[in-house]
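Read the structure below first, then the notes.
Every number in this text was worked out from the coordinates using simple rules, so none of it is lab data. Every value quoted in this text rests on a predicted model; they were computed, and no experiment measured them. All Cβ positions, glycine included, derive from the backbone under ideal geometry; neighbour counts span all protein chains shown.
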Amino acid sequence: MPFRVTNLSLPVDEPEANLLSRLARTVGVKADDIAGWRILRKALDVRDKSRLKFVYNFEVRLADPDATPHPSGQSGARIEPFDEPPFAMPEPGPTPLPHRPVVIGSGPGGLVCGYFLALHGYRPIVLERGTKVSDRIRDVKRFDDGGDFDPNSNYLFGEGGAGTFSDGKLTCRGSGPDFHRVLELFAECKGQQAGRPNILYYHRPHLGSNRLPAVVKAIRRKIEELGGEVRFLTKVEDLVFDDAGLKGVATSSGFLPTNVAVLAIGHSARDTYEMLAKRSVPMALKPFQFGVRIEHLQSVVNEAQYGYRHEHYEELLGNADYSLVAHGAHDLFTFCMCAGGYIIPSVSDTGYFCTNGMSLSKRDSPFSNSGLVVTVPVEHFEGTDILAGVRLQQKYEKLAYEIGRGRYAAPGQRAKDFLAGRTTETLPKTSYPRETVATNLASLLPPVVADAVRHGLPQMDRRWRGKFLDEAMLFGPESRGSSPVRIERDGAGRESPGIPGLYPVGEGAGYAGGIVSAAVDGLRTARAIIAKHAVVG
């Protein structure tokens, strides 16, 4: 019977080759008595600046199946039975599919759903409104250099979805065989690199926006090799269904008959939300994240996180990240923290502006940035119809575009000036690739968000002993952290109520909050489809 060992620590400058001997002492056996072990989780603990450490969880099997561990009493380490079910997919269901399933969107939810459908013989057709990732990289680079905005190929639309150009983290609060299988898929698809923290168990695994495109492309090629198909520049414009269920999808390239469609549209497909509302697809208002992006010099973050030995730990661990929460009437919290990263124009529509952050695999920018966001309750949406949250986003994004003089300049302000209610006279050099423009950012935030930022920034500064606000810059608005809409689905079958065959998935449907959770949601929807339907003949 395997068991789990949790909270075993190792100083960061001690070699991992010592793990087995430490694990054996903790369990109370000789190293030779351990037949097998694997790391379940590895996280960096920076609370004691004099001695940073990694904290591990393990699965352990003893050579003698009847033996029991004899804990040594090491402080903090715990031992308990570990009986995790293996990853499994169901046998094909009894209901035959007359047409191939369609997956709408090629973000992590859509791609992973498409992969598992293809792996089991369903030959899905994946529809993507944007371009393939290689073309998307070129178009994003041109936009960063001051070129025109392309509504079909940008930071949010195109192969890989919004996650392709992001902080590159595979952080997820979930665990278990489905999450592990998704990380295995990413590792298989060029997501694991020698000398980098192992994405299968590291607490905050980071790929980088320069490596994510290769992962995305590799998953797409697997889908195609398994009999699936990916069609780019193909936008879904309507759904056709009746009381019996889905009949097909109308696209910019013509009608496509299908009885199964996975709706993995992402959280910025506002025109698709409008279409779904007109077709009376069941949806609900959902609280969503709104705020600003804060930027520091990375050296400031390293010193705050690593302490007086920061130069030693920088060499050993690379640039530091952080996570902070300020409590109040509405909590302010960091989100999508990009160590050694860049602020980017996260734009999906002409005439609107909002920010996001990304980092490359080396995290070697001299700047760091993070979202500072508030979860906006639905009662602050300035309306009660299903698209009220979308209109709230648009209201402030349009103002930001106008302040940016129609050139996608990023509105910015020193954090201390924000708290003092004054406009920053001169903006310093930043990581943002296009222009910046000084403004009072409070005018670009809903009042509930502006109040939370004013209340929360001093709390975060106290946590960092006065270093958080010193020279920090704010840019915004940061309005695309999550979807303001939930596309309803039933619990077991995962289908839209009253529309058999329509499967809402991922962040855009309101059921995920990052690359891995969206991918797992796609996997589980593929499992539901397979359990219900036989392979297409």
Which value in nm describes the separation of the simple spin-label points at GLU237 and SER175, placed 7 Å from the Cα toward the beta carbon? 4.9 nm
What FRET efficiency, computed as 1/(1 + (r/R0)^6) with R0 = 60 Å and r the Cβ-Cβ distance, is obtained for MET1 and LYS395, rounded to the nearest 0.05? 0.55
Check THR439: other-chain or 5+ apart residues with amide H under 5 Å from its amide H, H built from backbone geometry? GLY412, THR424
Gap separating the Cα centres of the stretch 267-323 and the stretch 1-25, nearest whole Å: 31 Å
Filtered trypsin sites (Lys or Arg not before Pro), the stretch 430-532: DSSP coil and at most 10 other beta carbons within 10 Å: ARG465
Test of understanding: extend the Cα→C-beta vector of TYR308 to 7 Å, then name every residue of the stretch 453-468 with backbone N under 19 Å from that spot. 464-467
Extent of the stretch 3-107 along each principal axis, from alpha carbon coordinates, in Å, largest to smallest? 62, 41, 21
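GLU488 to ARG465: FRET efficiency via 1/(1 + (r/R0)^6), r the Cβ-Cβ distance, R0 60 Å, to the nearest 0.05? Working shown, then result.
Details: r = 47 Å, r/R0 = 0.78.
After rounding, the FRET efficiency stands at 0.80.
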How are the Cα pair distances of the stretch 288-478 distributed, in percent, across 10 Å bins from 0? 10, 37, 36, 14, 3, 0
Where the only charges are on Cβ atoms (+1 Lys, Arg; -1 Asp, Glu), what is the dipole of the chain about its Cα centre, to the nearest 20 debye? 380 debye
Below 14 angstrom from the Cβ of ALA35, what's the summed charge of the other residues (Lys, Arg +1; Asp, Glu -1)? -2
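Tell me what the chain gives for mean residue ellipticity at 222 nm when only DSSP H runs of n ≥ 4 count, each as -39,500 (n - 2.57), the sum divided by the residue total, rounded to 500 deg cm²/dmol. If you can, show how the numbers build up before the last one.
Values: 13 runs with 144 residues, N = 537.
Here the helix-only value at 222 nm equals -8000 deg cm²/dmol.
Quick check: residue separation of ALA88 and ALA35 times 0.36 nm, minus the Cα distance between them. What number comes out in nm? Display every interim value, and only then the final one.
Working: separation 53, 0.36 × 53 = 19.08 nm, distance 2.48 nm.
Once the chain is fully extended between ALA88 and ALA35, it gains 16.6 nm.
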Can you put ASP470, ASP167, ASP242, ASP135 in order of Cβ neighbours within 10 angstrom, beginning with the fewest? ASP242, ASP470, ASP135, ASP167
How high is the FRET efficiency between ARG78 and SER50 when r is their beta carbon distance and R₀ equals 22 Å, given to the nearest 0.05? 0.35
Stretch gain in nm, segment ARG279-LYS429, where the contour uses 0.36 nm per residue and the Cα spacing is subtracted: 49.2 nm
